[in-house]
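One structure is given here, and the rest of the page talks about it.
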Amino acid sequence: MLILGLNGSPNKDGNTKFLLGKVLEKAAELGAKTEILEVPELLQSAKHSFCSVCSNPCSGACYKGTKLEEAFELMKKADGLVLGSPVYFGTVTGQLKAFFDKTRKLRGEKAFYNKIAAGVTVATSKYGGQETTMKALHDIMLVHGMTIVADGYCEDDCGHHGVCAHRPAQDDDFAIKRASILAKRIVEVCGATKVLRKG
């Protein structure tokens with residue numbers, strides 16, 4: 001089982017990375033292989049950081065032979081994806097949006113169809129746009145045909161929308177607890193649905 005975290009923050013070692021790390025740490029304890037992909041770095045490897053619809057349907061020419069293409073190939077192999085973004089003006093970062101704008105070719109291939117997906121997000125204030133950002137993450141997942149899970153587990157509770165933290169995330173004990181619960185749910189559902197995924 002492979003579960004990938006996508007760090008959509010321009011801060012490589014910030015709050016979002018911390019939350020992703022907590023989810024993946026627990027998933028690894030439960031037997032999954034895990035890795036975090038740094039979205040801003042991957043975008044920089046492409047010819048253009050933003051999709052310009054240079055071909056329709058998308059040929060993927062702008063990222064051929066780059067680290068971005070390697071990341072997309074790894075994502076195809078994954079059972080689960082955890083999308084992470086800090087709150088920027090009530091939604092995901094420009095980097096994470098640009099990253100998924102470049103997945104038009106993959107959407108056409110149904111490359112992420114039936115992948116198990118979840119989100120983590122963090123804001124500066126307690127009610128700082130975490131739920132609207134989580135909704136944006138869910139929209140990305142739904143457009144790709146992913147199966148969304150949240151931070152609920154049979155031995156805990158039904159959960160909410162995902163892991164939402166108040167900065168600094170390492171001091172948000174509730175969010176850290178939810179990260180562990182989310183990991184258990186992802187591993188459980190990835191295992192139960194493996195037959196539905198390509199490859």
Query raised in the report: Given the conditions (1) farther than 26 Å from Q170 by Cβ; (2) assigned to a strand (DSSP E or B), and given that S85 satisfies all but one, which numbered condition is not satisfied?
Result: (1)
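For region 151-165, give me each residue that is among the small types (G, A, S), part of a loop (DSSP other than H, G, I, E, B) and open to solvent by less than 20 Å² (accessible area, probe 1.4 Å). Quick ask: steps written out before the conclusion?
First pass over region 151-165, keeping only residues among the small types (G, A, S): 152, 159, 162, 165.
In the following step, the residues that additionally are part of a loop (DSSP other than H, G, I, E, B) were identified as 152, 159, 162.
Result: G152, G162.
It is to be established whether one or more residues within region 118-125 are assigned to a loop (DSSP other than H, G, I, E, B) and under 15 Å from the mean Cα position of the chain (by Cα). I'd like the intermediate steps shown before the answer.
Within region 118-125, the subset assigned to a loop (DSSP other than H, G, I, E, B) is 124-125.
Keeping just the survivors that are under 15 Å from the mean Cα position of the chain (by Cα) gives none.
No, because not a single residue in region 118-125 is assigned to a loop (DSSP other than H, G, I, E, B) and under 15 Å from the mean Cα position of the chain (by Cα).
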Requested in this report: Report yes if some residue within region 114-121 is free of Cβ contacts under 8 Å to residues at least 40 places away in the same chain and touching a Cys at 6+ places or on another chain (Cβ under 9 Å); otherwise report no.
Outcome: no
**Report entry** Looking only at region 1-23, and only at residues there that are open to solvent by less than 10 Å² (accessible area, probe 1.4 Å) and in a helix (DSSP H, G or I), the one that is farthest from H166 (Cα to Cα)
**Finding:** V23
Report summary line: Counting only residues in region 25-78 that are crowded, with 19+ Cβ neighbours inside 10 Å and of a type in the set (F, W, Y), the one modelled with the lowest pLDDT is identified as Y63
Requested in this report: Output the residues belonging to region 29-41 that are more than 25 Å from R167 (Cα to Cα) and in contact with a strand residue (DSSP E or B) (Cβ under 9 Å, 6 or more places away or on another chain).
Outcome: A32, K33
Query raised in the report: Out of (1) on the phi < 0 side of the Ramachandran plot; (2) touching a residue at least 24 places away in the same chain (Cβ under 8 Å); (3) within 18 Å of the chain's Cα centre (by Cα), the odd one out for G145 is which?
Result: (1)
Query raised in the report: Using beta carbons and a limit of 7 Å, which pairs, at least six apart or on different chains, have the first residue in region 96-109 and farther than 17 Å from Q44 by Cβ and the second one open to solvent by less than 70 Å² (accessible area, probe 1.4 Å) and at pLDDT 95 or above?
Result: L106/F72; L106/F112; R107/H144
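The values are calculated or read from the model by the stated rules, or taken from the named source; none is laboratory data. This structure is a prediction, so every number in the text was calculated from the model and none was measured. Here Cβ is always computed from backbone atoms with ideal geometry, including for glycine, and neighbour counts include all displayed protein chains. Quick note on the areas: whole protein, heavy atoms, side chains included, nothing else; ligands and nucleic acids left out. Shrake-Rupley method; radii C 1.70, N 1.55, O 1.52, S 1.80 Å.
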